[in-house]
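Have a look at the structure below, then the notes.
The values are calculated or read from the model by the stated rules, or taken from the named source; none is laboratory data. All of these numbers come straight from a predicted model, not from anything done at the bench. Cβ placement follows ideal geometry from the backbone for every residue including glycine, while neighbour counts extend to all protein chains displayed.
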């Protein structure tokens, strides 16, 4: 019988970690974190990592395994996570994937197209075009050579537009064609569940979490990070840290930094929901309170004879 993997998705603050822990305890299993920032050491408060007690309850993979300056990408996650899934399945455990990084989850379930290193000359050419003529110029160029991809983008998505142009001019085929040709096939049965909240309730949780991050030491954590590492690191280009860095640079007040953390987290949650709603394979649970998670865990554990 093909291995089964439970995948828990949803926006930030929706209770994915709590639900995953409840499930892992019921199923005697382990959690694979699909969060592109919790993978880094020392980024604890700002990424809302599972706390010490939670980590002791259930084994988590991909939590605090890299230095903030190390590079990690979706292709590596795909390969590393598949290895752990096979290992857990060999022990007759049902792996539980939980996280809000939609691209990581898509890569794990469907595979991801990974072209060779970008062409530096082409990249510089497109950057120069953007400098001279703006985003709309690149957008119109992609519209001609790859109308399928451009239909899913806006002119301000200039990095994605450049990437699609690079792939087309290097290979002669649109990036979407490469995706379809290289879809990975596995014998794994991924069963996806999503947590859906009333928007205002979710936003209230987001604002509450932001205040708690400040009171729990986010400013001190950020200070420690930028004293030890370059503040321009990609790992620190994250909601929570980038606003506090701006405050520490005397660019904005602390009050404004907190306002921006709340606003940017709300926007991030909205983008996450848009991403996950596009996947019709996800079974959604409407959540009204944190107390609902126990019942949801029971229901998932019983679904399709999982228990």
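Looking at (1) surrounded by fewer than 23 Cβ atoms within 10 Å (Cβ to Cβ); (2) in a loop (DSSP other than H, G, I, E, B); (3) within 20 Å of the chain's Cα centre (by Cα), which is the one condition that is false for residue 29?
Tallying (1) surrounded by fewer than 23 Cβ atoms within 10 Å (Cβ to Cβ); (2) in a loop (DSSP other than H, G, I, E, B); (3) within 20 Å of the chain's Cα centre (by Cα), residue 29 fails exactly one: (3).
Would you check if residue 292 is under 25 Å from residue 7 (Cα atoms), surrounded by 13 or more Cβ atoms within 10 Å (Cβ to Cβ) and in contact (Cβ under 8 Å) with a residue 40 or more places away in the chain?
Spelling it out, it is not the case that residue 292 is under 25 Å from residue 7 (Cα atoms), surrounded by 13 or more Cβ atoms within 10 Å (Cβ to Cβ) and in contact (Cβ under 8 Å) with a residue 40 or more places away in the chain.
Quick check: anything in the range 11-19 modelled with pLDDT of 95 or more, part of a loop (DSSP other than H, G, I, E, B) and out of contact with any strand residue (DSSP E or B) (no Cβ under 9 Å at 6 or more places or on another chain)?
Yes, the range 11-19 contains at least one residue that is modelled with pLDDT of 95 or more, part of a loop (DSSP other than H, G, I, E, B) and out of contact with any strand residue (DSSP E or B) (no Cβ under 9 Å at 6 or more places or on another chain).
Filter the range 191-219 down to the residues that are surrounded by fewer than 12 Cβ atoms within 10 Å (Cβ to Cβ) and over 23 Å from residue 102 (Cα atoms) and list them by number.
215
Being in contact with a helix residue (DSSP H, G or I) (Cβ under 9 Å, 6 or more places away or on another chain), over 18 Å from residue 77 (Cβ atoms) and modelled with pLDDT of 90 or more: is that true of residue 108 here?
No, not satisfied.
Given (1) surrounded by 14 or more Cβ atoms within 10 Å (Cβ to Cβ); (2) in a helix (DSSP H, G or I), where does residue 63 come up short, assuming only one miss?
With (1) surrounded by 14 or more Cβ atoms within 10 Å (Cβ to Cβ); (2) in a helix (DSSP H, G or I) applied to residue 63, the lone miss is (2).
Cβ-Cβ below 6 Å, separation at least six or inter-chain, first residue in the range 255-276 and under 21 Å from residue 196 (Cβ atoms), second in a helix (DSSP H, G or I): which pairs?
262/207; 262/210; 265/206; 266/203; 266/206; 275/102
Please find, among 231, 281, 256, the residue that is in a loop (DSSP other than H, G, I, E, B), surrounded by fewer than 19 Cβ atoms within 10 Å (Cβ to Cβ) and over 20 Å from the mean Cα position of the chain (by Cα).
Criteria check complete, one pass: 231.
Is it fair to say residue 105 is surrounded by fewer than 16 Cβ atoms within 10 Å (Cβ to Cβ) and either outside the structural domain of residue 19 (by TED's automatic domain parsing) or in a helix (DSSP H, G or I) (or both)?
Answer is no for this residue.
From the list 303, 270, pick out the single residue that is surrounded by 12 or more Cβ atoms within 10 Å (Cβ to Cβ) and under 20 Å from residue 189 (Cβ atoms).
Among 303, 270, only 303 is surrounded by 12 or more Cβ atoms within 10 Å (Cβ to Cβ) and under 20 Å from residue 189 (Cβ atoms).
Report, by residue number, each residue of the range 111-152 that is assigned to a loop (DSSP other than H, G, I, E, B) and at pLDDT below 90.
111, 112, 113, 114, 115, 116, 117, 118, 119, 152
Kindly provide the set of residues from the range 239-253 that are surrounded by 19 or more Cβ atoms within 10 Å (Cβ to Cβ) and not in a helix (DSSP H, G or I), ordered by number.
239, 240 - these are the residues of the range 239-253 that are surrounded by 19 or more Cβ atoms within 10 Å (Cβ to Cβ) and not in a helix (DSSP H, G or I).
Report, by residue number, each residue of the range 72-105 that is free of Cβ contacts under 8 Å to residues at least 24 places away in the same chain and either touching a helix residue (DSSP H, G or I) at 6+ places or on another chain (Cβ under 9 Å) or more than 26 Å from residue 266 (Cα to Cα) (or both).
Once the filter is applied, which keeps residues that are free of Cβ contacts under 8 Å to residues at least 24 places away in the same chain and either touching a helix residue (DSSP H, G or I) at 6+ places or on another chain (Cβ under 9 Å) or more than 26 Å from residue 266 (Cα to Cα) (or both), the range 72-105 yields 76, 79, 80, 83, 87, 90, 91, 92.
If I ask for residues that are crowded, with 16+ Cβ neighbours inside 10 Å and part of a helix (DSSP H, G or I), which ones from the range 153-168 would you list?
158, 160, 161, 162, 163, 164, 165, 166, 167, 168
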